Amino acid sequence: RIKINMDCVEEMTLRVFNRWGEVVFQTTDPEEAWDGTFKNQELSAAVFVYVLDIKLSNATDAQQLKGNVSLIK
(Lines give C-alpha, C1' and ligand atoms only; values in the text may rest on other atoms or scores of the structure.)
Protein backbone atom coordinates (compact mmCIF):
# COMPACT_ATOMS: atom_id res chain seq x y z
CA ARG A 1 0.00 0.00 0.00
CA ILE A 2 1.26 3.44 -0.94
CA LYS A 3 0.54 6.29 1.41
CA ILE A 4 0.81 9.77 -0.10
CA ASN A 5 0.29 13.13 1.56
CA MET A 6 -2.20 14.58 -0.93
CA ASP A 7 -1.08 18.13 -0.11
CA CYS A 8 2.30 17.30 -1.68
CA VAL A 9 0.92 16.05 -5.01
CA GLU A 10 1.82 18.51 -7.73
CA GLU A 11 0.75 16.36 -10.72
CA MET A 12 -0.47 12.81 -11.13
CA THR A 13 -2.10 10.44 -13.56
CA LEU A 14 -3.44 7.07 -12.45
CA ARG A 15 -4.40 4.53 -15.09
CA VAL A 16 -5.86 1.04 -14.59
CA PHE A 17 -5.58 -1.48 -17.43
CA ASN A 18 -7.36 -4.76 -18.11
CA ARG A 19 -5.46 -7.84 -19.30
CA TRP A 20 -5.74 -6.73 -22.92
CA GLY A 21 -4.07 -3.38 -22.21
CA GLU A 22 -7.27 -1.34 -22.44
CA VAL A 23 -7.51 1.59 -20.03
CA VAL A 24 -10.56 0.93 -17.82
CA PHE A 25 -9.97 3.89 -15.48
CA GLN A 26 -7.96 7.10 -15.60
CA THR A 27 -7.79 10.13 -13.35
CA THR A 28 -5.63 13.12 -12.54
CA ASP A 29 -7.52 13.80 -9.30
CA PRO A 30 -5.72 12.40 -6.21
CA GLU A 31 -9.06 12.15 -4.39
CA GLU A 32 -10.83 10.09 -7.08
CA ALA A 33 -10.94 6.30 -6.71
CA TRP A 34 -11.78 3.51 -9.14
CA ASP A 35 -15.05 1.76 -8.28
CA GLY A 36 -14.46 -1.39 -10.36
CA THR A 37 -16.62 -0.29 -13.29
CA PHE A 38 -15.91 0.45 -16.94
CA LYS A 39 -18.34 2.35 -19.17
CA ASN A 40 -20.88 2.25 -16.31
CA GLN A 41 -20.79 -1.57 -16.10
CA GLU A 42 -19.40 -3.61 -13.21
CA LEU A 43 -16.34 -5.61 -14.19
CA SER A 44 -15.84 -9.25 -13.24
CA ALA A 45 -13.35 -10.22 -10.58
CA ALA A 46 -9.87 -10.17 -12.12
CA VAL A 47 -6.35 -8.81 -11.77
CA PHE A 48 -5.71 -5.38 -13.27
CA VAL A 49 -2.49 -3.42 -13.78
CA TYR A 50 -2.11 0.12 -12.50
CA VAL A 51 0.39 2.77 -13.55
CA LEU A 52 0.77 5.89 -11.42
CA ASP A 53 2.79 8.79 -12.82
CA ILE A 54 3.29 11.26 -9.98
CA LYS A 55 5.26 14.39 -9.22
CA LEU A 56 5.44 15.57 -5.64
CA SER A 57 6.08 19.20 -4.80
CA ASN A 58 9.14 18.29 -2.71
CA ALA A 59 10.73 16.15 -5.47
CA THR A 60 12.68 17.23 -8.51
CA ASP A 61 11.66 14.32 -10.75
CA ALA A 62 8.40 12.58 -11.46
CA GLN A 63 8.12 8.91 -10.53
CA GLN A 64 6.27 6.04 -12.13
CA LEU A 65 4.85 3.31 -9.91
CA LYS A 66 3.39 0.10 -11.37
CA GLY A 67 1.66 -2.85 -9.85
CA ASN A 68 -1.34 -5.13 -9.78
CA VAL A 69 -4.71 -4.70 -8.14
CA SER A 70 -7.17 -7.55 -7.65
CA LEU A 71 -10.84 -6.76 -8.11
CA ILE A 72 -12.73 -9.06 -5.74
CA LYS A 73 -16.50 -9.42 -5.75
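Observations on the model:
- Within straight-line cross-link reach of Lys66, aspartates and glutamates at Cα separation under 16 Å, skipping those fewer than 8 residues along the same chain: Glu22, Asp53
- Solvent-accessible heavy-atom area per residue, rounded to whole Å², over the chain at 1.4 Å: 77 Å²
- Per-peptide average of other Cβ atoms within 10 Å, ordering 50-56, 40-46 highest first: 50-56, 40-46
- Put simply, the amide H of Phe38, placed in the peptide plane, has neighbours under 5 Å in Leu43, leaving out anything fewer than 5 places away on its chain.
- The label-point distance for Ala62 and Asp7, in a model that sets each label 7 Å from Cα toward Cβ, rounds to 2.5 nm.
- Interchain or long-range residues, amide H under 5 Å from Phe25's placed H: Val16
- Once the Cα-Cα distance is subtracted from the 0.36 nm per residue extended length, the Glu32 to Lys55 segment shows a gain of 6.6 nm.
- Global form of the chain, assessed from the alpha-carbon gyration tensor, a/c cut-off 1.5: prolate
- In the chain, the portion of solvent-accessible area held by carbon and sulfur atoms comes to 47 percent [1.4 Å probe, whole percent, DNA, RNA and ligands not counted].
- Spin-label model distance (nm) - Val69 vs Glu42, 7 Å beyond Cα toward Cβ: 1.8 nm
- Taking θ as phi - 60° and the Karplus parameters 6.51, -1.76 and 1.60, the scalar couplings of the range 53-58 work out to 9, 9, 10, 9, 5, 9 Hz in sequence order, x denoting glycine and proline.
- The phi-based Karplus calculation (6.51 cos²θ - 1.76 cosθ + 1.60; θ = phi - 60°) puts the 3J(HN,Hα) values of the range 24-33 at 9, 7, 8, 8, 10, 9, x, 8, 8, 10 Hz, whole numbers, x for Gly and Pro.
The values are calculated or read from the model by the stated rules, or taken from the named source; none is laboratory data. Given the structure is predicted, the values throughout are model-derived calculations rather than measurements. As a convention, Cβ positions derive from the backbone with ideal geometry for all residues, glycine included, and neighbour counts pool all protein chains shown. Heavy atoms of the whole protein, side chains included, go into the accessibility calculation; ligands, DNA and RNA do not. Shrake-Rupley method; radii C 1.70, N 1.55, O 1.52, S 1.80 Å.
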